[in-house]
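Inspection log for the structure reproduced underneath, given as structure tokens.
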Amino acid sequence: MNAEIYNRIALFRAERGISRRTLADAVGVNPQTIGYLERGDYKPSLELAMKIAAYFGVAVEHLFSFTPFESVAAVLRRAGDTP
Amino acid sequence: MTRKTFADYADDSVRWTGIPQLLEAMGEGRQPRYHLRILPIITLGLASVGMVLLLADRQLYWLGYTLLMVGFSLGTILPLFGPIKPWSGARVDEWDRQVRHNAYFATFSAISAISIFGLVLLCWLTLSQAWSAPDSLRALTSSAVYLMTMWSSVPTLHASWATRPIDEEEDA
């Protein structure tokens, strides 16, 4: 089985204004590896996934998922529809 | 203000070429790395055509050998600038290790297949063409050079096509 793994590292990074290089240095990889992760070209090891989650202070499942994450626009639209 | 001597001008001209900076970067394992998608194909193509010529016709031996050596020489440059980082000196992370693992697995598979085919072919040629011992020896040494060319070229070829280049964006 070769399941797709989706992530929202780019979203967390953009939200906090962190460069790829800063994140890469914090978790001990090269900046290009963060780029490949964000593009979905590479599945991280459990160790790297946990390091990235710990860096952002969230649970691993908030960053990585077997199903695509809902887009920010969809979440905002849903929040706007809620009375 | 002091005037520059001839030696100073010579030093400036060498620095202008960028070679000292490149050598320094290579020593620290931080030279630029590229997705070399075409150069390994040219390298393997030259070496393969060379092997075919030198095995097919004794008259074309030196032409074939020259093409093989040009391919071999180009092949030695590929690991320096290709996407696969060296075993030591550079900062290698899990992505680099996976790319290297996949590339060398493909390389060993290709070399194994070519070696088996080549050994059978050489045996058949030796018998059918009634090669002398020196002829067989030349073919065998050329085959070794061809396999070394594969060893240096195929990992770069595989890694360059298996991954897509990534932009540097805001990495500064």
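Tabulated results
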item: Spacing of the two label points (7 Å from each Cα toward its C-beta) at A:Glu61 and B:Arg15, in nm; result: 5.9 nm
item: Listed residues B:Gly50, B:Gly82, B:Gly118, most fluctuating in chain B (Gaussian network, C-alpha, under 10 Å); result: B:Gly118
item: Karplus-derived HN-Hα couplings along region B:32-37 (A = 6.51, B = -1.76, C = 1.60, θ = phi - 60°), whole Hz, x at Gly and Pro; result: x, 10, 10, 7, 8, 8
item: Region B:99-172, Cα convex hull volume normalised per residue, Å³; result: 93 Å³
item: Rounded to whole Å, sorted largest first: equivalent-ellipsoid semi-axes of the protein assembly as shown, Cα gyration tensor; result: 47, 29, 14
item: Gaussian network model of chain B, Cα within-10 Å springs - most flexible of B:Ala139, B:Ala113, B:Ala103; result: B:Ala113
item: Isotropically averaged projected area of chain B, using the convex hull of Cα atoms (one quarter of hull area), nm²; result: 15.1 nm²
item: J(HN,Hα) series, region B:42-51, from Karplus relation 6.51 cos²θ - 1.76 cosθ + 1.60, nearest Hz, glycine and proline x; result: 4, 4, 5, x, 4, 5, 5, 4, x, 4
item: Exercise: per-residue mean of other protein chain Cβ atoms within 10 Å, A:17-29; result: 2
item: Evaluated at q = 0.15, 0.21, 0.25 Å⁻¹: base-10 log I(q)/I(0), Debye formula over Cα of region A:6-81; result: -0.50, -0.93, -1.27
item: Of the chymotrypsin sites (Phe, Trp or Tyr not before Pro) in region B:1-91, those whose Cβ has at most 14 other Cβ within 10 Å and which sit in DSSP loop; result: B:Tyr34, B:Trp87
item: Degrees, to the nearest 10: B:133-162 long Cα axis against longest axis of chain B; result: 40 degrees
item: Among B:Pro32, B:Pro134, B:Pro86, residue whose mean-square fluctuation peaks in a GNM of chain B (springs only between Cα atoms under 10 Å); result: B:Pro134
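Quick note: the coordinates plus some simple rules give every number you see, no bench work behind them. The structure displayed is predicted, hence computed values, not measured ones. Ideal geometry is used to build each Cβ from the backbone, glycine not excepted, and the neighbour counts take in all protein chains shown.
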